[in-house]
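Below: the structure, in structure tokens.
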Amino acid sequence: MHDLLICNGTVVSPESSEQLDVAVDGEGIAAVGPTGSLGSEAKKVIDASGCLVIPGGIDPHVHYAMNFEHILTTEGPEYTFAAVHGGNTSVIVFVFEEPAQGLMDAIADRKAEFEGNMAVDWGLHAILTKTFSFDVVEEIGQAIRDGIPTIKTMMTYGYMTDDGQRYGAMLETAEHGGMSVVHAEDDAIANWLTAKYLREGKNHGAYICEVRGPIVEEAAIRRAMFLAEKSGSPLYVLHMAAGSGVEALAEGRARGLPFYGETLLAYLSWTQDDLWSEDPVEVNDKVYPNRGALFNNYPTPKFAEDRETCWQAITDGRLQVVATDHALVSLRDRFETMSTTIDNMQAGQAAVELRLPVLYHAGVNGGRFSVNRWVELISTNPAKIMGLWPQKGQIAVGSDADIAVFDPNKEWTVAWQDLHMSEKYSCWDGWELRGKPRDTILRGSVLVENEQYVGSKTGGRFVPRTLLKEVVEGNFAVTSVATEAPVGAIS
């Protein structure tokens, strides 16, 4: 008798949607077969009638317990159970190496902080910051051998490194089979434009989308692509919002270079127009002005044409992943510690719980792409590109039993009171959606059943990652077929 049987559902992969049952023994998938072929009995049976059975979501870009310049800190790992409610079973978090500490010591500290505190399985990206030393560069190889193959540098803000250091890190990353990751914004252009706008008295927060507009992203992306090509390193560009940046990356991919990119749920959801909102935000009798400031992120949301390009790019394969950059800070920190003007704005959204349903509603229900492409964007591609495949990202015999049961017909309205993240607001409050995760299973353990949390909130494990050869060599390609995509904003 199997430990778990998920029956009567539609199993969705990038290649197909089939009526299949899934049997689980221990932590792995033991069998997949036509409905009824695996019997009707197991130690536990989940009836997925009318539902989609998909590989658990993988968000490759989240921030937990991240201290930003010692000013404010995001929510901690104890809130990762919210990701599970959103149908996710794995995330990749960041570890900052700073000058006072070596890379391997920083990794050890981060692991100690998260082990035994995460509800989901997790990996790490390493961020090299500021004026990192040759000694730190020489630790890159060990980090990659230990299962952390993605090495990030910043092209703006206080953690910024210069292009000489970036090139050196890319050379070392390439030598050891890793992939370079960048936050791509041109610091000099952004700073000059910010100073210009302030001089002209244009300090409203919505102007952040102009002083950090498409040119700021494109300039940095093209520099990063040049350095990656010359160093021989694969490149993954985080949180892409600018249409011109998407086109730049596509140029490199068209030449066969191992370049990859993600956009965020935020950039598919709103534009500068939303940042102009001065509606109040009221929580527990505390009223904050300028709700529009909550929609900001870095890189910033751009304009309607940029949003449309991002939608088209995740549909046709120019971008391969939709992530969240989940970084939840309190309203107090957003409006009091920081501010709502272009010279001191905070950013980030509570998004990890909403990625699957919002993208399903707007993408699949909206006719932009198929349910197969949806699965590719939220699970299969992150698994392949980030080195978690074939252990994760698919429903197949021998893979981890990381599974979400998704009800495509559940109609609901987003309200922060019904979510499970730490702060009392959601940028998607009031959105009416159709489709919602119902059950989530991590390595065979049912964590969420019928939208109720029933499992462990501390059973997530660190997962070492190794990049696929086809990812390193640039032979990775999307496999699903998208539908025709109507033009227009989502609401």
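The values are calculated or read from the model by the stated rules, or taken from the named source; none is laboratory data. Because the structure is predicted, anything quoted here is derived from the model rather than measured. FYI the Cβ positions are ideal-geometry reconstructions off the backbone, even for glycines, and counts take in every protein chain you see. The area values use the complete protein model at the heavy-atom level, side chains included, leaving out ligands, DNA and RNA. Shrake-Rupley method; radii C 1.70, N 1.55, O 1.52, S 1.80 Å.
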Across region 34-62, which residue is farthest from LEU264 (Cα to Cα) among those that are open to solvent by 40 Å² or more (accessible area, probe 1.4 Å) and among the acidic types (Asp, Glu)?
GLU41
Taking strands (runs of 3 or more DSSP E) that fall entirely within region 227-307, which contain at least 3 residues that are under 19 Å from the mean Cα position of the chain (by Cα), within 17 Å of PRO60 (Cβ to Cβ) and modelled with pLDDT of 95 or more?
235-237, 259-264
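Listed here are the residues, each with its yes/no results for (1) of a type outside the set (Lys, Arg); (2) within 22 Å of the chain's Cα centre (by Cα); (3) closer than 29 Å to SER339 by Cβ.
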site	(1), (2), (3)
ALA30	yes, no, no
LYS43	no, no, no
VAL53	yes, yes, no
GLY57	yes, yes, no
GLU75	yes, yes, yes
ILE92	yes, yes, no
MET104	yes, no, no
ILE107	yes, yes, no
PHE114	yes, yes, no
Give just the number: which of (1) in contact with a helix residue (DSSP H, G or I) (Cβ under 6 Å, 6 or more places away or on another chain); (2) buried (at least 21 other Cβ atoms within 10 Å of the Cβ); (3) not in a strand (DSSP E or B) does TYR167 not satisfy?
(2)
Under 6 Å between Cβ atoms, which residue pairs at least 6 apart in sequence (or on different chains) link something in region 303-324 that is under 14 Å from GLY366 (Cβ atoms) and open to solvent by 10 Å² or more (accessible area, probe 1.4 Å) with a partner that is at pLDDT 95 or above and in a loop (DSSP other than H, G, I, E, B)?
ARG307/THR271; THR315/ARG368; THR315/PHE369
Failed condition for MET338, given (1) open to solvent by 20 Å² or more (accessible area, probe 1.4 Å); (2) at pLDDT 95 or above
(2)
Test: HIS361 is open to solvent by 20 Å² or more (accessible area, probe 1.4 Å), part of a helix (DSSP H, G or I) and within 14 Å of GLY86 (Cβ to Cβ)
yes
Scan region 245-255 and tell me whether some residue there is farther than 25 Å from THR150 by Cβ and out of contact with any Leu (no Cβ under 9 Å at 6 or more places or on another chain).
no
Condition test on ALA82, is it within 17 Å of ALA323 (Cβ to Cβ), touching an Asp or Glu at 6+ places or on another chain (Cβ under 7 Å), at pLDDT 95 or above and assigned to a helix (DSSP H, G or I)?
yes
Enumeration of residues in region 99-126 that are acidic (Asp, Glu) and outside any loop (DSSP other than H, G, I, E, B):
ASP105, ASP109, GLU113, ASP121
Does any residue in region 161-177 that is farther than 10 Å from PHE132 by Cβ and of a type in the set (S, T, N, Q) come within less than 8 Å, Cβ to Cβ, of a residue that is open to solvent by less than 30 Å² (accessible area, probe 1.4 Å) and assigned to a helix (DSSP H, G or I) six or more places away or on a different chain, and which pairs are these?
THR173/ILE140; THR173/ILE144; THR173/SER231
Count of residues meeting criterion [assigned to a helix (DSSP H, G or I) and open to solvent by less than 70 Å² (accessible area, probe 1.4 Å)] in region 172-187:
4
Of all residues in region 312-332, which are part of a helix (DSSP H, G or I) and either of a type in the set (S, T, N, Q) or under 13 Å from GLU247 (Cα atoms) (or both)?
GLN312, ALA313, ILE314, THR315, ASP316
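Each row is one residue, and each column tells you yes or no for (1) touching a helix residue (DSSP H, G or I) at 6+ places or on another chain (Cβ under 9 Å); (2) more than 29 Å from GLY178 (Cβ to Cβ); (3) of a type in the set (D, E, K, R).
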site: LEU249; (1), (2), (3): yes, no, no
site: GLU282; (1), (2), (3): no, yes, yes
site: ASN290; (1), (2), (3): yes, yes, no
site: ASN296; (1), (2), (3): yes, yes, no
site: GLN320; (1), (2), (3): yes, no, no
Step by step: first the residues of region 275-302, then only those that are open to solvent by less than 40 Å² (accessible area, probe 1.4 Å) and polar (S, T, N, Q), then the one that is farthest from SER244 (Cα to Cα). Which residue is that?
ASN290
Output for Cβ contacts, cut-off 6 Å, separation at least six or different chains, first residue free of Cβ contacts under 8 Å to residues at least 12 places away in the same chain in region 341-354, second part of a loop (DSSP other than H, G, I, E, B) and open to solvent by 10 Å² or more (accessible area, probe 1.4 Å), reads ASN344/MET338
If you go through region 127-142 one residue at a time, do you hit one that is part of a loop (DSSP other than H, G, I, E, B), open to solvent by less than 10 Å² (accessible area, probe 1.4 Å) and of a type in the set (A, V, I, L, M)?
no
Can SER399 be described as touching a helix residue (DSSP H, G or I) at 6+ places or on another chain (Cβ under 6 Å) and either of a type in the set (Ser, Thr, Tyr) or open to solvent by less than 20 Å² (accessible area, probe 1.4 Å) (or both)?
no
Using beta carbons and a limit of 6 Å, which pairs, at least six apart or on different chains, have the first residue in region 238-252 and surrounded by fewer than 24 Cβ atoms within 10 Å (Cβ to Cβ) and the second one among the polar types (S, T, N, Q)?
GLY243/THR309
Residue hits (region 373-393; out of contact with any Asp or Glu (no Cβ under 7 Å at 6 or more places or on another chain), among the polar types (S, T, N, Q) and surrounded by fewer than 24 Cβ atoms within 10 Å (Cβ to Cβ)) are none
Can you tell me which residue is surrounded by the most Cβ atoms within 10 Å (Cβ to Cβ) among those in region 403-448 that are of a type in the set (Phe, Trp, Tyr) and part of a strand (DSSP E or B)?
PHE406
Looking for whichever is at pLDDT 95 or above, hydroxyl-bearing (Ser, Thr, Tyr) and farther than 16 Å from SER269 by Cβ here; the options are SER370, SER422. Which one fits?
SER370
Where the second residue is acidic (Asp, Glu) and outside any strand (DSSP E or B) and the first is at pLDDT 90 or above and lies in region 65-77, which pairs have Cβ atoms under 8 Å and are six or more apart or on separate chains?
ALA65/GLU75; ALA65/GLU113; GLU75/GLU423; PRO77/GLU113
